[in-house]
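The values are calculated or read from the model by the stated rules, or taken from the named source; none is laboratory data. Just so you know, these numbers come straight off a predicted model, no measurement behind them. Ideal geometry is used to build each Cβ from the backbone, glycine not excepted, and the neighbour counts take in all protein chains shown. For the accessible areas, the whole protein counts, side chains as well, though only heavy atoms, and no ligand, DNA or RNA atoms are used. Shrake-Rupley method; radii C 1.70, N 1.55, O 1.52, S 1.80 Å.
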Amino acid sequence: MPNRPALVGAGVTGLYAPAHVGATHRAAAERVMSSVGEVVWVPTEDAIDVVTALSGSGPAYFFLVAELMAEAASELGLEPQAARRLAIATLHGAGLLANSSDGDLARLRAEVTSKGGTTEAAVRTMDAADLRGIISRAGRRD
């Protein structure tokens, strides 16, 4: 299951193969799919559904957040083009930072969240709106 960023060589593909598929065939599949980005092997065929929800659909979720951030910034007085550019560059930079670090997303978020600052207030607002629950429910098919 490749994702849309594969179009720019920055995709991530979840792969599964049953036990009877040999190493040669697994390597061939990985070689093909790694030509458009990263490959992550998952342990079961059912896990492909989770891959679909996370990385297949995930770009739309990040685009939505960036879109909403740009809209909010425009409503607060920024020119729409400036707000859009800031949102896109922030999304890109955050992704690069997450990829270049040890992968501890909670730590990265905490490093941006100054005690008593605007980020902490925004995170509290998101927590009050049950953003965690919304994201969890969005990833389920039931």
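A few points about this structure:
- Between the Cα long axis of helix 23-34 and the first principal axis of the chain there is an angle of about 30°, rounded to the nearest 10.
- Summarised in one figure, the compactness ratio Rg/Rh of the chain, Cα atoms and Kirkwood Rh, is 1.04.
- Solvent-accessible surface of the chain, taken per residue with a 1.4 Å probe and all protein chains present: 73 Å².
- Mean-square fluctuations from a GNM of the chain, with a 10 angstrom spring cutoff on Cα atoms, peak among 116, 58, 11 at 116.
- Mean separation of Cα contacts under 8 Å (6+ apart) over length of region 1-119, as relative contact order %: 20 percent
- For the chain, size of Cβ-based charge dipole, Lys and Arg +1, Asp and Glu -1, in debye: 120 debye
- Amide H contacts of residue 36: none lie under 5 Å away among residues 5 or more positions distant or on a separate chain (H built 1.01 Å from N in the peptide plane; Pro and chain starts excluded).
- Ignoring the sites themselves, the chain has its longest run without trypsin sites (Lys or Arg not before Pro) in a DSSP loop having at most 12 other Cβ atoms within 10 Å at 1-114.
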